[in-house]
Amino acid sequence: MLARKKCIFFDRDGTLIDAPYNNLRKPKSYNNLNQIHVRSDVVDVCKKLKKEYLLMLFTNQPDVQRKKNSKINVQNINLYLKKKLFLDYILVNYSDNEKNYFRKPNPGMLFFAKKKFGLEMKKSYVVGDRWRDIDAGFTANCKTIFIDKNYNEKLNHKPDFKVKNFKQILKYIK
Ligand SMILES: [Mg+2]
C-alpha cells in the first residue's frame, strides 16, 4: 500500500521568521515584505526536511480583519516564504473571531490539509512559538514542537517537544 504523506506544519511569525514583540514580551507580526528576513539556518533545515516531508505554512493573520494590515501584504510575505523555503502549501486565516474553526488554536487549517493531501497526522509535526500552534497540533493529532521564545504567556497543552531555536527541531523530527 502506498504510504500516506507526512507533513510539517510551520507557524510563520516567530517560527519561520523572527517576529517583533512589544515591551510586554507579547509577539506581533510584521506587516510588510521589506521588514522580514529569513535566516540561512531556516533555509537549511527546510531543505533537509523537504526530502521526507511535505512542508506547509499555517498562519493566523487577524490584523487583516482588524484592518491593521492588507491581504496583499500578507500574501506577499507568504509567497516569498513559499519560494524561499520550498513550501508545498500555504494555509492562512484572516479572522479575528476566536470561534472561527480555521483560526488557531482551532484545528481547521490542519484538518483541511489532511483531507486535501491525504496526510498521516500521527507522523506529521506542528512547529510553533505560541500556545495556539501547540493546541491546534494537539487537537489534530500531530506531534508538536514548541519553540520557546520566552514570551510572557503560558502554554495550554503540553507540547511533545520543546526547543530554544529553530535549528533544534531536527533533533526531534524522525
Ligand atoms: Mg508565531
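The values are calculated or read from the model by the stated rules, or taken from the named source; none is laboratory data. Worth saying up front: this structure is predicted, and the values here are computed from it rather than measured. All Cβ positions, glycine included, derive from the backbone under ideal geometry; neighbour counts span all protein chains shown. Surface areas here come from the heavy atoms of the whole protein model, side chains and all, with no ligands, DNA or RNA. Shrake-Rupley method; radii C 1.70, N 1.55, O 1.52, S 1.80 Å.
Quick notes on this structure:
- If you go through the stretch 72-82 and keep only what is without any contact (Cβ under 8 Å) to a residue 60 or more places away in the chain and either under 16 Å from the mean Cα position of the chain (by Cα) or surrounded by 17 or more Cβ atoms within 10 Å (Cβ to Cβ) (or both), you end up with Asn73, Val74, Gln75, Leu79, Tyr80, Lys82.
- Restricting the stretch 21-42 to residues that are more than 11 Å from the ligand (Cβ to nearest atom) and open to solvent by less than 30 Å² (accessible area, probe 1.4 Å) leaves a set whose member that is farthest from Gln75 (Cα to Cα) is Val42.
Conditions (1) farther than 23 Å from Val38 by Cβ; (2) modelled with pLDDT of 95 or more; (3) among the basic types (Lys, Arg), marked per residue:
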| position | (1), (2), (3) |
| --- | --- |
| Lys99 | yes, yes, yes |
| Phe111 | yes, yes, no |
| Glu120 | yes, yes, no |
| Val127 | no, yes, no |
| Asn141 | yes, yes, no |
| Asn152 | yes, no, no |
| Asn156 | yes, yes, no |
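- Criterion applied to Phe146, Phe166 was being within 25 Å of Asn34 (Cβ to Cβ), crowded, with 16+ Cβ neighbours inside 10 Å and either at pLDDT below 95 or within 13 Å of the ligand (Cβ to nearest atom) (or both), and the one residue passing it is Phe166.
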